[in-house]
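The values are calculated or read from the model by the stated rules, or taken from the named source; none is laboratory data. Keep in mind that what you see is a predicted model, and the values were worked out from it rather than measured. Reconstructed Cβ throughout: ideal geometry from the backbone, glycine too, with neighbour counts over all protein chains shown. Side chains are part of the model used for accessible areas, which takes the heavy atoms of the whole protein and leaves out ligands, DNA and RNA. Shrake-Rupley method; radii C 1.70, N 1.55, O 1.52, S 1.80 Å.
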Amino acid sequence: PGGGGGTPSEPEEPTWPFTDVTEGEDWFYDAVAYVYENGIMAGTGETTFEPGMLLDRAMAAQLFYNLEGKPAVTGDSTFTDVTSGHWAVDAITWAAQNDIVVGIGGNLYDPDSNVTREQFAVMLYKYARFKGYDLTATGDLTQFPDMDAISGWAETALSWANGNELINGHNDGTLEPGGTATRAQAASILMRFDQNVVEK
């Protein structure tokens, strides 16, 4: 008899798309899987995640926009360097309207510059504030030998991010507030944010 039939087969697990993120080898595999499966971060191509790529300010805004479920955006970008054709214009416009990101002055957002660890901490903090999450956690920034490198405007946010174990010191003990964040680090931070802050 034609027409197939028989027992329904198990739905197939979606195959892992990224050839540059390997289970059992890369410390960031679980984090990348988490942000990918939850729609928080996408790949840079069909088969690449580029975990070592530095996160730029446009990508950073896009992450929070994704986290929010890509809400409709009304109004135009006030930044002259983020025009309607920019791939992240909706994300940057939304994030600026909701005070999650700020420009660098002179109506510029500087989308292609790398986001620093302290800038990312401030964005996380402002997104948490926007959502009404608990902002009371504080970490002890004096534990970091390079605490003097922390910008004054980032101290509260970094203390909160550290208190929630989102941004921790490197193996050598430094916080490196002015250092850059890679996509793998961002995935790891966002996974912890979702687990430590959102789900509380």
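Within region 110-133, identify whether any single residue is aliphatic (A, V, I, L, M) and over 17 Å from the mean Cα position of the chain (by Cα), and answer yes or no. Within region 110-133, not a single residue is aliphatic (A, V, I, L, M) and over 17 Å from the mean Cα position of the chain (by Cα).
When only residues in region 136-149 that are in contact with a helix residue (DSSP H, G or I) (Cβ under 6 Å, 6 or more places away or on another chain) and either among the β-branched types (Val, Ile, Thr) or over 18 Å from residue 179 (Cα atoms) (or both) count, which is most open to solvent (accessible area, probe 1.4 Å)? Here the residue is 138.
Provide a single number: the residues in region 162-200 that are in a loop (DSSP other than H, G, I, E, B), over 19 Å from residue 143 (Cβ atoms) and not acidic (Asp, Glu).
So in region 162-200, the residues in a loop (DSSP other than H, G, I, E, B) come out as 164-179, 181, 199-200.
So of that shortlist, the ones also over 19 Å from residue 143 (Cβ atoms) come out as 181, 199-200.
If we keep only those that are not acidic (Asp, Glu) too, we end up with 181, 200.
Going through region 162-200 one residue at a time, the tally reaches 2.
From the list 96, 128, the one residue that fits, being open to solvent by less than 10 Å² (accessible area, probe 1.4 Å) and under 27 Å from residue 43 (Cβ atoms), is 128. Pairs linking a residue in region 159-176 that is farther than 14 Å from residue 124 by Cα and of a type in the set (Asp, Glu) to a residue that is in a loop (DSSP other than H, G, I, E, B) and open to solvent by less than 20 Å² (accessible area, probe 1.4 Å), with Cβ atoms under 9 Å and 6 or more positions apart or on different chains, are 176/144. Quick one: what pairs do we get from region 29-52, first residue among the charged types (D, E, K, R), second in a helix (DSSP H, G or I), C-beta under 8 Å, 6+ apart or different chains? Taking only residues 6 or more apart or on different chains, the pairs are 30/191; 50/183.
Specify which of the listed residues (101, 115) is in contact (Cβ under 8 Å) with a residue 12 or more places away in the chain, in contact with a Leu (Cβ under 8 Å, 6 or more places away or on another chain) and under 21 Å from residue 190 (Cβ atoms). Let's see the steps before the verdict.
Details: 101 fails: in contact with a Leu (Cβ under 8 Å, 6 or more places away or on another chain).
One residue alone meets the criteria, 115.
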